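**Q** After the structure tokens below, expect a handful of questions from me.
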Amino acid sequence: MNTVSQEGLLDWAGPILQGALTTLEIAVLAYAIGLVLGLIGASARLSPWAPLRGLATAYSTAVRAVPELLLIILLYYAGSQALTALIHAMGLPGQVAINGFVTAVGVLAFVQGAYMTEVLRGAILAIPKGQLEAADAFGFSTWARFHRIVIPAMLPNALPGMSNLWLILIKDTALISVIGFSELFFTIQQAAASTRAHFLFYAAAGAIYLLMTLTSTALFARLERYVRRGQPAQEEA
Amino acid sequence: MTSSLHATPSASSTLAVEARHLVKRYGDLEVLRDVSLEVPEGSVTSIIGASGSGKSTLLRCLNLLERPNLGELAIADEAIRFDRNPQGDVVGLDRRQLQRLRAKVSMVFQQFNLWPHFTVLGNVTEAPMRVKGLSRRRANALAEHYLERVGMADKRDSYPAYLSGGQQQRVAIARALAMEPRLLLFDEPTSALDPERVSEVLSVIRGLADEGRTMVLVTHEMAFARDVSDQVVFLDRGVVGVAGTPQDVFEDSEHERCRHFVAPAVC
Ligand SMILES: Nc1ncnc2c1ncn2[C@@H]1O[C@H](COP(=O)(O)OP(=O)(O)OP(=O)(O)O)[C@@H](O)[C@H]1O
Ligand SMILES: [Mg+2]
């Protein structure tokens, strides 16, 4: 096994990049689905209909109260058991192992949705009432009011929180390694174990995460400038 | 339609607004107590009265931003009767009818309420496109026309936050006009403006009155109300104290509180 000790960063560059790409894919998908869940959750939280409000409150409260690592493990096993049961019920034999990618996206999106619900709810509540009243007075449909007025009016309030959630999400993808799915962190662990160059690989991992978050912070800053295009700059003083 | 400036509304002219026995409560507070109001097509009605007398509430009942508890409303060919079902809920309005009515009645707010994420042009084209389904081209043409009308065409690409209050209010008026409404509502359109900006907005409103548009405005500008209105309604603690021509209300009224209220404007 002499070859093993001669393995270095370069030999692992391919798998690590692949892992990084997978991490990004998981994060982007989970974020997008989480955003939709958050919009639905926030609308439900603000709905005049009490049962809907209750449901959304239960979702955001429960999910935010349980450690994400635990949720990932729980949902992974609960999910595969439920699917196996379903397949047996349909009269088919066999065991189901859920696809790791789908689990990762599903679980992280579910968790994101809960936090996003709260961020968006606050941002919607902060919209000056007159802007919504004007939409009502002109006879906007519920949907037109929502996507033409509510969403663009709340985005300036929501983006800082949304950007924060994105950063947390990128880092949370590392939790997925517990179910043995080879995203960035899992790959790094393998590389470190196999080469024994622990510091080198973990430092490389840190650098990659840093690169991802810095890039996205810059993107969010641009996005924020865009959604605030109608607001005079506040940086005089 | 002939514009009958300063003419007494004749019984034969059709009514843009017919409100009968409106009652509006907030909890135990009865803000409107049996208010009736008729606004003939093509006429200007001003609602005046002390703070808290229910002027805004009455105006907002006319586009159903507030829903009356009791009474009947006929506005722009939509007739609605408010009542209670046996469970005690207010009934008498379905969503479709509400949207139809609101597409025919435009409102100008005290605080302008422009949408800050749209340009001036975007603010004016939004409702015609989303509510009336106009194409962008037609909506743009309409918007250009009405922005020209209020003297704001050169600011079409600005965002509202970069305009003065008077300019924002003129854009808000263009936004209301672009819906080509049957009825225009103004709730204290100049109260949030710097004094030197008031006249630019009033002169736009005066121009609309001269065109024979049907308007109801709540205002504290007594001289303006007197000058521009066909009908003046003095609202007093939730009831119509006096209603009639400007002459009736500003000069000939026997109503004690009305005389007192308009006195500063009369002398
Ligand atoms: N949403 C509401 N909930 C409870 N009370 C309200 C509400 N809106 C208005 N009121 C009360 O109803 C009364 C009439 O209010 P309204 O705004 O119609 O008065 P107004 O004549 O327009 O006064 P102003 O000249 O100050 O604008 C006031 O006592 C006000 O406090
Ligand atoms: Mg008022």
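The values are calculated or read from the model by the stated rules, or taken from the named source; none is laboratory data. Nothing here was measured: the structure is a model prediction, and the numbers come from that model. Cβ atoms come from the backbone with ideal geometry, glycine included; neighbour counts cover every protein chain shown. The area values use the complete protein model at the heavy-atom level, side chains included, leaving out ligands, DNA and RNA. Shrake-Rupley method; radii C 1.70, N 1.55, O 1.52, S 1.80 Å.
**Q** Could you pull out every residue, at least 5 positions away or on a different chain, whose amide H is within less than 5 Å of the one on B:Leu70? Hs are placed 1.01 Å off N in the peptide plane, and Pro or chain starts have none.
**A** The answer is B:Val23.
**Q** If you average the sequence gap of Cα pairs under 8 Å that are 6 or more apart and divide by the length of chain A, what percent do you get for the contact order?
**A** Reported relative contact order: 29 percent.
**Q** To continue, here is another question. If you take the square roots of the eigenvalues of the alpha-carbon gyration tensor of the range B:126-222 and sort them as a ≥ b ≥ c, do you get rounded (a/c under 1.5), prolate (a/b over b/c) or oblate?
**A** oblate
**Q** At the nearest 100 Å², what buried accessible area, both sides summed, do you get for A and B when the probe is 1.4 Å?
**A** Using a 1.4 Å probe on protein heavy atoms, the buried area is about 2200 Å².
**Q** Sorted by accessible area with a 1.4 angstrom probe, largest first, how do B:Lys132, B:Lys104 fall?
**A** Output order, biggest surface exposure first: B:Lys132, B:Lys104.
**Q** For the range B:194-204, take each phi angle, set θ = phi - 60°, evaluate the Karplus expression 6.51 cos²θ - 1.76 cosθ + 1.60, and give the result in whole Hz per residue in order, putting x for glycine and proline.
**A** So the Karplus estimates, Gly and Pro as x, are 4, x, 6, 9, 5, 5, 5, 7, 4, 5, 5 Hz.
**Q** Further question: What FRET efficiency comes out for A:Leu46 versus A:Ser194 if R0 is 35 angstrom and r is the Cβ-Cβ distance? Round to the nearest 0.05.
**A** 0.10
**Q** Under 5 Å between amide hydrogens, which residues at least 5 positions from B:Leu15 or on another chain qualify, with H placed 1.01 Å from N in the peptide plane?
**A** Long-range HN contacts for B:Leu15: B:Glu41.
**Q** Here's something else I'd like to know. Per DSSP H run of at least 4 residues, take -39500 (n - 2.57); add these up for chain B, divide by its residues and hand me the 222 nm value, nearest 500 deg cm²/dmol.
**A** Dividing the helical sum by the residues of chain B leaves -10500 deg cm²/dmol.
**Q** Then there is this: With the cut-off at 24 Å, report for chain B the share of all Cα pairs above it, as a whole percent.
**A** For chain B, the fraction of Cα-Cα distances above 24 Å is 49 percent.
**Q** Where both residues lie in the protein assembly as shown, what percent of DSSP beta bridges are antiparallel, nearest 5?
**A** So the antiparallel bridges in the protein assembly as shown amount to around 60 percent.
**Q** Please work out the Cα center distance from the range A:82-147 to the range B:226-267, rounded to the nearest Å.
**A** Centre-to-centre distance over Cα atoms comes out at 56 Å.
**Q** I'd like the Karplus ³J(HN,Hα) series for the range A:133-139: coefficients 6.51, -1.76, 1.60, θ = phi - 60°, whole numbers in Hz, and an x wherever there's a Gly or Pro.
**A** Per-residue couplings from phi come out as 5, 4, 4, 4, 4, 8, x Hz.
**Q** Projected onto the charge dipole of the range A:2-227 (+1 at Lys/Arg Cβ, -1 at Asp/Glu Cβ, origin at the Cα centre), which of A:Ala207, A:Leu223, A:Gln18 gives the Cα projection farthest towards the positive end?
**A** A:Leu223
**Q** Excluding A:Leu70 itself, calculate the net charge of residues whose Cβ lies under 15 Å from the Cβ of A:Leu70, where each Lys or Arg counts +1 and each Asp or Glu counts -1.
**A** -1
**Q** Could you please state, rounded to a whole Å, how far the C-alpha centre of the range B:92-150 is from the C-alpha centre of the range A:20-66?
**A** 33 Å
**Q** Over the whole of B:99-112, what's the average partner chain Cβ count within 10 Å per residue? Rounded to a whole number, please.
**A** Mean shielding by partner chains, rounded to a whole number: 3.
**Q** Over the range A:2-227, what percent of the accessible surface lies on carbon and sulfur atoms, probe 1.4 Å?
**A** Reported share for carbon and sulfur atoms: 70 percent.
**Q** At most 11 other C-beta atoms within 10 Å and a DSSP loop state: those are the exposed GluC sites (Glu not before Pro) I care about. Give me the longest piece of chain A that has none.
**A** A:1-234
**Q** Remind me, what semi-axes does the protein assembly as shown give for its equivalent ellipsoid, largest first in whole Å, using sqrt of 5 times each Cα gyration tensor eigenvalue?
**A** For the protein assembly as shown, the ellipsoid semi-axes come out as 61, 26, 18 Å.
**Q** Give, rounded to the nearest 20 debye, the magnitude of the charge dipole that the range B:15-266 has about its Cα centre when Lys and Arg contribute +1 at Cβ and Asp and Glu contribute -1 at Cβ.
**A** The calculation lands at about 1140 debye.
**Q** Might you report the magnitude of the Cβ-based charge dipole of the range B:45-138 about its Cα centre, with Lys and Arg at +1 and Asp and Glu at -1, to the nearest 20 debye?
**A** 500 debye
**Q** Give me the base-10 log of I(q)/I(0) for the range A:2-227 at each q in 0.12, 0.13, 0.15, 0.18 Å⁻¹, Debye formula, one uniform scatterer per Cα, rounded to two decimals.
**A** -0.78, -0.88, -1.05, -1.26
**Q** How large, in percent, is the carbon and sulfur part of the accessible surface of chain B at a probe radius of 1.4 Å?
**A** The nonpolar share, carbon plus sulfur, comes to 46 percent.
**Q** What is the antiparallel percent of DSSP beta bridges lying wholly in chain B, to the nearest 5?
**A** Rounded to the nearest five, the antiparallel share is 60 percent.
**Q** While we're here: May I ask which residue of B:Asn63, B:Gln168, A:Met162 lies farthest towards the positive end of the charge dipole of the protein assembly as shown, with charges of +1 (Lys, Arg) and -1 (Asp, Glu) on Cβ and the Cα centre as origin?
**A** A:Met162
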